[in-house]
Amino acid sequence: MKISKNKQYKNYLEKNSLKFIDLFAGIGGFRVAFSEHGAQCVFSSEWDKHAAITYKANFSHQPEGDITKIQEKNIPKHNLICAGFPCQAFSISGKRDGFNDTRGTLFFDIARIAKNHRPEILVLENVKNLVGHDGGKTLKKILQVLDEIGYSTYYEILNASFYGVAQSRERVYFVCFRKDLNIDHYSFPKPTMETISLNDIIEENIDDRQFEISRPDITISRDESTINDDFIGAALLKPIRIGTINKGGQGERIYSPKGHAITLSAYGGGAAGKTGAYLIKNKVRQLTPRECLRAQGFPESYSFPPSISKSQAYKMCGNSVSVPVLQNIYYSILDTLIRNNIKLE
């Protein structure tokens, strides 16, 4: 009888202790995704106080502070580094000094920890524009540094919409294996293409008034009845615009809940900044913090502490990672380790 994937993963992790560290942890999206089948988080770091409060409330674990001030020798032994590192500008044009070029950037902190501890695997996430930043020089430098400290790196841009999340969110993901593992092939997980819409994650019985946008310059330009509910496929796995607020600039576009949310943002402006605007039960409104968590794939057991404001919750959701995408990457890594008979140290 064929053993199920979950059983395979459980069996593997019972024999191989997978310990990971959660850098630039935010509200813990990586930790939710990777804490399965026996994987253990042994260290986390997050400088934002509201994110750290939320992280502790959900994981009973207080993250350390600013990673730039933490010496690598004070970080526990681990097999895997998770890091959704901030898209901090690299000033490296024309330079060829590898590892030293990244000093002063937050990527350097990932590199120095990896260089010191030499974990088997790194999983990194960033905005998709990193790939083309500075004419591709930033990406080239990142790959050069990872190669220099001993890692074979694979990267790909994935959209959360195609992995069971009701949000269009394109991000670049890096999976790096230590070279001495001799892993010569890795494939990112194929899209799962689950049929999901915002209608599937909308909260019931909420007070619309704190989220509603009621203005005289709202225009609904598309009849929702023209959107085919029965259509199954990629066409509906995206935001469907049906109207505007004011002139329709950033944060001024209205979408149907039959489609997906736009990319949640930590700093977006406009009347519906950070979440976008949606026509829900004949009212134009932003998403709620719970709906934002759902749009990032967090479980219902996850919650914001009472001390966290709506604005803070929006910012943290906008900075977070999409859990189901990372879960699929996690499974693909386990598949690769099992296929190559890798024993974790």
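Just checking, does the range 58-68 include any residue being touching a helix residue (DSSP H, G or I) at 6+ places or on another chain (Cβ under 8 Å), closer than 20 Å to Asp109 by Cα, in a loop (DSSP other than H, G, I, E, B) and among the charged types (D, E, K, R)? Within the range 58-68, none of the residues are touching a helix residue (DSSP H, G or I) at 6+ places or on another chain (Cβ under 8 Å), closer than 20 Å to Asp109 by Cα, in a loop (DSSP other than H, G, I, E, B) and among the charged types (D, E, K, R). Working only within the range 41-88, note down all residues that are of a type in the set (Asp, Glu) and in contact with a Phe, Trp or Tyr (Cβ under 9 Å, 6 or more places away or on another chain). Those that are of a type in the set (Asp, Glu) and in contact with a Phe, Trp or Tyr (Cβ under 9 Å, 6 or more places away or on another chain): Glu46, Glu64, Asp66. When Gln250, Gln312 are screened for being modelled with pLDDT of 95 or more and either surrounded by fewer than 22 Cβ atoms within 10 Å (Cβ to Cβ) or more than 19 Å from the chain's Cα centre (by Cα) (or both), only Gln312 passes.
For Ile333, the requirement of being more than 25 Å from Phe85 (Cα to Cα) and of a type in the set (A, V, I, L, M) is not met. Looking across the range 72-90, the residues that are within 19 Å of Lys19 (Cα to Cα) and without any contact (Cβ under 8 Å) to a residue 60 or more places away in the chain come down to Glu72, Lys73, Asn74, Ile75, Pro76, Lys77, His78. The C-beta contact set for the range 256-275 (first residue farther than 10 Å from Gln167 by Cα, second residue of a type in the set (Lys, Arg) and surrounded by fewer than 18 Cβ atoms within 10 Å (Cβ to Cβ), distance under 8 angstrom, 6+ apart or interchain) comprises Ser256/Arg222; Ser256/Arg241; Ala271/Arg215. Among strands (runs of 3 or more DSSP E) entirely within the range 115-231, having at least 2 residues that are closer than 22 Å to Gln296 by Cβ and modelled with pLDDT under 95 singles out 121-127. Exactly one of these conditions fails for Tyr330: (1) assigned to a loop (DSSP other than H, G, I, E, B); (2) buried (at least 23 other Cβ atoms within 10 Å of the Cβ). Give me its number. Among (1) assigned to a loop (DSSP other than H, G, I, E, B); (2) buried (at least 23 other Cβ atoms within 10 Å of the Cβ), the lone unmet condition for Tyr330 is (1). Might you check whether a residue that is out of contact with any helix residue (DSSP H, G or I) (no Cβ under 8 Å at 6 or more places or on another chain), modelled with pLDDT of 95 or more, under 22 Å from Lys128 (Cβ atoms) and surrounded by 21 or more Cβ atoms within 10 Å (Cβ to Cβ) occurs anywhere in the range 286-299? No - not one qualifying residue is present in the range 286-299. Only a single criterion out of (1) over 29 Å from Val284 (Cβ atoms); (2) in contact with a strand residue (DSSP E or B) (Cβ under 7 Å, 6 or more places away or on another chain) is not satisfied by Gly132, namely (2). Between a first residue in the range 324-343 that is over 14 Å from Phe20 (Cβ atoms) and a second residue that is assigned to a helix (DSSP H, G or I), which pairs have beta carbons less than 6 Å apart while being 6 or more apart in sequence or on different chains? Close Cβ pairs (under 6 Å, with a partner that is assigned to a helix (DSSP H, G or I)) amount to Pro324/Tyr163; Val325/Ala160; Val325/Tyr163; Asn328/Tyr163; Ile338/Tyr12; Ile342/Leu181.
Considering Gly273, Gly269, the condition of being under 20 Å from the mean Cα position of the chain (by Cα), assigned by TED's automatic domain parsing to the domain that holds Ile308 and part of a loop (DSSP other than H, G, I, E, B) is satisfied by Gly273 alone.
The values are calculated or read from the model by the stated rules, or taken from the named source; none is laboratory data. Computed from a predicted model, the values in this text were never measured in an experiment. Backbone-built Cβ (ideal geometry, glycine too); neighbour counts: all protein chains shown.
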